[in-house]
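See structure below.
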């Protein structure tokens, strides 16, 4: 197994320092060819200016896509398979054995892309024979779409129409919480909150794919909802199966790695008195506005009584991607609470 690292930062001081640091830590692996470091010179890139204050979404896409095109081109003849990872990542125990068993289980010509994580590009496994074609595809559309979208579209172009998600997931960003075979690993972010399970249905009028559907925002795992080019008035709403008495709502948007894809201007509303099919609340009250794409709000008892909807609303047009990592809701079923009170009085 060979580990290939593309040092994509163009800062020469950072580059020299990083090479020196890695060389001192992994000298033997470098000498035996188990670890390879590459760096593409700046003039090999299309015109991308990452220094300017105003940078277009297309330029952000371009830099990332071209970085990975070089990485994949170099990796073509190194091995039979290519596993795409990022830095700052947790690995589940025995991940190589789990990947090997999944590959052996499937016939080689029945898949293009196996996914061992559902977090962006992390944990994507491809055949090395497909890398030259994928690299050319990334260079051809380097300013058009983000890397994640292009890789998934490449998969469909090679006739794998549906994703193959290999669970349990093996790779997680370090600032997340996850459980693997009853072993819990916790990163720097707060542990996954202890919630009373409130079931509900998620609706949105934003665009989305089958990979990152609206329901992914209302789960306790590492999945997320993804959309792009949202407009004022767009929304994502959780309609609870039963009214609940809420005491806290937390909304997290954007990547925990670099803070990109947050909802720049948005608010959270609580809804009451649902009606219709599918149901929707007939009245709403403002809970709070997102600050830097985040909200964590304690709810007063009167406001949080018998809530049926939690709505995340977009307050301004926003170009580029939007990631809604999760909507967590603390509370209890209002009917259960009434039943408990009645039993206590009898």
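Odds and ends about this structure:
- Averaged over residues, the count of other Cβ atoms within 10 Å places the peptides 148-154, 249-255 in the sequence 249-255, 148-154, highest first.
- From least to most packed, judged by other beta carbons within 10 angstrom and beginning with the fewest, 115, 306, 332, 275 follow the order 275, 332, 306, 115.
- Residue order, fewest to most beta carbons within 10 Å, for 219, 199, 110: 110, 199, 219
- Residue 31 versus residue 317: modelled label distance in nm, points set 7 Å from Cα along the beta carbon direction: 6.1 nm
- Label-to-label distance, residue 19 versus residue 277, with points set 7 angstrom from Cα along the beta-carbon direction: 6.8 nm.
- With neighbour counts taken as other beta-carbon atoms within 10 Å, the residues 98, 21, 212, 142 rank, fewest first, as 21, 98, 212, 142.
- Point-to-point label distance, residue 235-residue 78, nm (Cα→Cβ direction, 7 Å offset): 4.8 nm
Laboratory data are not the source of any read-out in this text; all were calculated from the coordinates shown. A quick note: this is a predicted structure, and the numbers were derived from the prediction, not measured. Note that we place each Cβ from the backbone using ideal geometry, even for glycine, and neighbour counts take in every protein chain shown.
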